[in-house]
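The values are calculated or read from the model by the stated rules, or taken from the named source; none is laboratory data. Values in this document were obtained by computation on a predicted structure and should not be read as measured data. As a convention, Cβ positions derive from the backbone with ideal geometry for all residues, glycine included, and neighbour counts pool all protein chains shown.
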Amino acid sequence: MKKTLFIPLMALVVSACGKIEDEYINRSTTYNINWTSAADSSSRSFTNVYFNTTKHHFNNDNFGSIGQYDYWPEAHGLDVLVDAYVRTKDDFYKQKIADFHQGVKAKNGGRFWNNYYDDMGWHGMAHLRALEATGDVRYEQSARELWTEILAGWNDFDGGGIPWNHENTTEGKAKGVPSNGPAAIIAARRWQKYGAAEVIRGENNLVWLGRIYNWIKEHRVVQQSGRVFEDINNKQGDWTYNAGTYMGAALEYYKITGNKVYLNDAMKTADWATSTLVNSSNKVLSDWAEQQDHDVNLFKGIFVRYLTQLILHKDLPESSRKRYVSFLKNSAQILWTKGTTKTPVVLFGFKWWEAPSSVGGLRAQLSGAMLMEAMATLKANGYVD
């Protein structure tokens with residue numbers, strides 16, 4: 001059966017914004033894109049089309065389909081809402097952030113607990129960001145509950161680490177960066193927020209940060225190159241989001257300690273990823289196995305988030321900053337001019353150099369929206385025109 005396109009009334013207004021945005025593009029050898037306008041069009045359209053205003057969670061596509069057992073993409077939807085609210089201070093996004101808490105909890109069976117430690121990690125990070133952005137204390141409680149559950153997964157098999165899911169907690173199985181990268185970032189941010197007052201499983205968050213970060217560095221990073229991997233023998237298991245969370249954790253560790261080892265860790269992986277995890281013909285950020293409505297389509301947006309944070313840090317050498325900005329700008333220009341449709345709503349292709357079909361899966365839209373928000377942030381900080 002042919003689906004009917006699900007476009008809320010407000011989305012039609014946004015589509016006009018997307019169409020107007022084409023006027024900012026000089027279709028010669030030089031692009032002139034208004035990144036603030038692009039982010040406005042992107043995030044407003046994304047929220048209008050994908051946020052379910054009855055159930056208060058995100059739909060799985062632009063036709064209103066619901067992925068009942070999807071949990072981890074919801075966290076990144078919250079991240080986009082927070083990005084847009086922090087940038088614009090628009091109560092439109094603040095209200096969605098407030099609605100999301102109960103909506104996703106209800107969708108997940110009346111709880112935020114999940115069988116997968118990586119899923120809870122994404123939510124733990126996003127909930128803490130929502131708390132910081134809005135002051136909604138419900139997010140403080142849920143972020144702590146999630147963090148307690150995540151740390152319950154740490155075990156000493158094979159040198160430590162947090163496994164993929166609860167079924168692996170009694171064996172040294174299924175441990176990788178997807179579970180441990182977000183956990184390291186949470187530990188760092190919670191240490192910076194709560195200090196020694198928060199103790200879980202007998203240790204404070206700075207101790208947990210050291211344990212988790214060192215496990216990743218020793219077991220999933222090639223020290224010479226900065227390569228972050230899931231399987232050392234399989235380069236198709238080198239994913240952008242793993243590089244992203246390792247970079248993010250390294251940067252947070254540097255903020256706490258001032259030890260340049262961690263800043264250098266982040267830079268080394270950023271250099272490796274921006275030269276390796278790309279499409280060979282256009283140097284656009286890319287993952288192996290990108291396809292319609294697949295988890296892998298969300299990975300790029302996660303990498304962009306943490307590369308952007310690295311760019312914004314005052315201690316980053318200027319030569320590296322310029323290189324990373326140029327890299328993101330190239331990906332964003334190609335996505336916005338070649339990989340995006342702007343009418344009737346803004347939709348992003350899962351390959352950033354190819355326009356999408358009429359169906360836009362949630363994960364691809366999240367990555368695209370994250371990149372547009374990142375570019376608007378870089379513009380606000382004077383790093384792009």
**Request:** Please state which one of G244, G202, G248, G210 is surrounded by fewer than 15 Cβ atoms within 10 Å (Cβ to Cβ) and either at positive phi or touching a helix residue (DSSP H, G or I) at 6+ places or on another chain (Cβ under 9 Å) (or both).
**Result:** G202
**Fill in**
Inside the range 174-199, the number of residues satisfying the requirement of being in contact with a strand residue (DSSP E or B) (Cβ under 6 Å, 6 or more places away or on another chain) and surrounded by fewer than 24 Cβ atoms within 10 Å (Cβ to Cβ) is 2
**Prompt:** Pick from the range 244-259 the residues that are assigned to a helix (DSSP H, G or I) and without any contact (Cβ under 8 Å) to a residue 40 or more places away in the chain: which of them is farthest from Y194 (Cα to Cα)?
**Reply:** A250
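Conditions tested, residue by residue: (1) crowded, with 18+ Cβ neighbours inside 10 Å; (2) more than 21 Å from I216 (Cβ to Cβ); (3) modelled with pLDDT of 95 or more.
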| position | (1), (2), (3) |
| --- | --- |
| K105 | no, yes, yes |
| G110 | no, yes, yes |
| L131 | yes, yes, yes |
| T134 | yes, yes, yes |
| V137 | no, yes, yes |
| I150 | yes, no, yes |
| G161 | yes, no, yes |
**Request:** Could you identify the single residue in T343, T337, T308 that is outside the structural domain of K235 (by TED's automatic domain parsing), modelled with pLDDT under 95 and either among the hydroxyl-bearing types (S, T, Y) or closer than 21 Å to H76 by Cβ (or both)?
**Result:** T343
**Message:** What are the pairs with Cβ atoms under 6 angstrom where one residue, in the range 347-371, is surrounded by fewer than 24 Cβ atoms within 10 Å (Cβ to Cβ) and the other, located anywhere, is of a type in the set (D, E) and part of a loop (DSSP other than H, G, I, E, B)? Sequence gap at least six, or different chains.
**Reply:** K351/E290
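Residue by residue, here is whether (1) under 23 Å from D287 (Cβ atoms); (2) touching a residue at least 60 places away in the same chain (Cβ under 8 Å) holds:
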site: D136; (1), (2): no, no
site: E149; (1), (2): no, no
site: A174; (1), (2): yes, no
site: R190; (1), (2): no, yes
site: I200; (1), (2): no, no
site: V207; (1), (2): no, no
site: I212; (1), (2): no, no
site: T240; (1), (2): yes, yes
**Message:** Of everything in the range 178-233, what is among the aromatic types (F, W, Y), more than 20 Å from the chain's Cα centre (by Cα) and not in a helix (DSSP H, G or I)? Give them in sequence order.
**Reply:** none
**Residue that is farthest from V137 (Cα to Cα) [pool: residues in the range 85-99 that are of a type in the set (D, E) and surrounded by fewer than 17 Cβ atoms within 10 Å (Cβ to Cβ)]** = D90
**Message:** Any residue at all in the range 337-345 that's touching a residue at least 24 places away in the same chain (Cβ under 8 Å), aliphatic (A, V, I, L, M) and touching a helix residue (DSSP H, G or I) at 6+ places or on another chain (Cβ under 9 Å)?
**Reply:** yes
**A273 vs. criteria in contact (Cβ under 8 Å) with a residue 24 or more places away in the chain, in contact with a strand residue (DSSP E or B) (Cβ under 7 Å, 6 or more places away or on another chain) and aliphatic (A, V, I, L, M)** = no
**Message:** Checking the structure you have, find out if any residue of the range 32-41 is buried (at least 17 other Cβ atoms within 10 Å of the Cβ), touching a residue at least 60 places away in the same chain (Cβ under 8 Å) and touching a Gly at 6+ places or on another chain (Cβ under 8 Å).
**Reply:** yes
